[in-house]
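Novice: Take a look at the following structure, please.
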Amino acid sequence: MKEENNDEDLKLIGHLEHTLLYHEILLRDKVRNVLFTRALKRAVTERSRVLDIGAGSGVWAVFAAKLGAKKVTAIESDKSLLPIIKAHANENGVGDKVEVVIGNSTEIDLKIRYDVIVSETIG
């Protein structure tokens with residue numbers, strides 16, 4: 001059976017390629033990453049509830065969970081990143097500690113308060 005690519009398939013592929021390349025640039029930014037790492041190490045304790053707004057690949061949510069945060073919620077508006085965040089959390093042994101919420105952070109009511117908020121929203 002021959003499958004044909006349609007415009008929606010090509011749009012999705014283009015979107016994923018752009019998204020992953022963009023996040024690769026962020027993940028290669030050593031200065032940015034050292035500063036985020038230092039800040040999280042200072043702020044996160046075993047009692048912390050951490051909110052990662054605009055989680056992207058989920059690197060900071062996973063890092064906070066690995067630091068021992070009690071609860072971590074990662075909010076990401078791009079649903080194509082959901083499997084990446086979940087896989088990253090599972091691969092690092094914190095899949096049970098990282099909750100992923102897809103949507104716009106200004107439209108989500110999480111019903112709890114957070115002690116630490118990580119955010120680098122662009123756009």
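The values are calculated or read from the model by the stated rules, or taken from the named source; none is laboratory data. Computed from a predicted model, the values in this text were never measured in an experiment. Backbone-built Cβ (ideal geometry, glycine too); neighbour counts: all protein chains shown. Each accessible area value is taken on the protein alone, full model and side chains, heavy atoms only, with ligands, DNA and RNA left out. Shrake-Rupley method; radii C 1.70, N 1.55, O 1.52, S 1.80 Å.
Novice: From the square roots a ≥ b ≥ c of the eigenvalues of the alpha-carbon gyration tensor of segment 67-120, which class results: rounded (a/c under 1.5), prolate (a/b over b/c), or oblate?
Specialist: Verdict is oblate for segment 67-120.
Novice: Loop-only trypsin sites (Lys or Arg not before Pro) in segment 74-123, please: DSSP not H, G, I, E or B, and at most 11 other Cβ atoms within 10 Å.
Specialist: Lys111, Arg113
Novice: How much of the accessible area of segment 29-119, probe 1.4 Å, is carbon plus sulfur, in whole percent?
Specialist: Using a 1.4 Å probe with all protein chains present, segment 29-119 comes out at 50 percent carbon and sulfur.
Novice: Using a Förster distance of 25 Å, how high is the FRET efficiency between Asn33 and Lys11, based on the Cβ-Cβ distance and rounded to 0.05?
Specialist: 0.20
Novice: On a straight-distance basis, which lysines could pair with Lys11 in a cross-link, Cα separation under 24 angstrom, same-chain partners fewer than 8 positions away excluded?
Specialist: Once the sequence-local lysines are set aside, what remains near Lys11 is Lys2, Lys79, Lys86.
Novice: So, one more: How far apart, in nm, are the 7 Å Cα→Cβ label points at Thr121 and Glu46?
Specialist: Label-label distance for Thr121 and Glu46, simple model: 3.4 nm.
Novice: Would you mind calculating the relative contact order of segment 18-78 from Cα pairs under 8 angstrom and at least 6 residues apart, reporting the percent as a whole number?
Specialist: 32
Novice: Give the cross-link partners of Lys111 among the aspartates and glutamates, using a straight C-alpha distance below 19 Å as the criterion and excluding same-chain residues fewer than 8 apart.
Specialist: List returned: Asp52, Glu76, Glu99.
Novice: Over segment 16-123, with the other protein chains present, what is the accessible area per residue in square angstrom, probe 1.4 angstrom?
Specialist: Ligands and nucleic acids excluded, the result is 62 Å² per residue.
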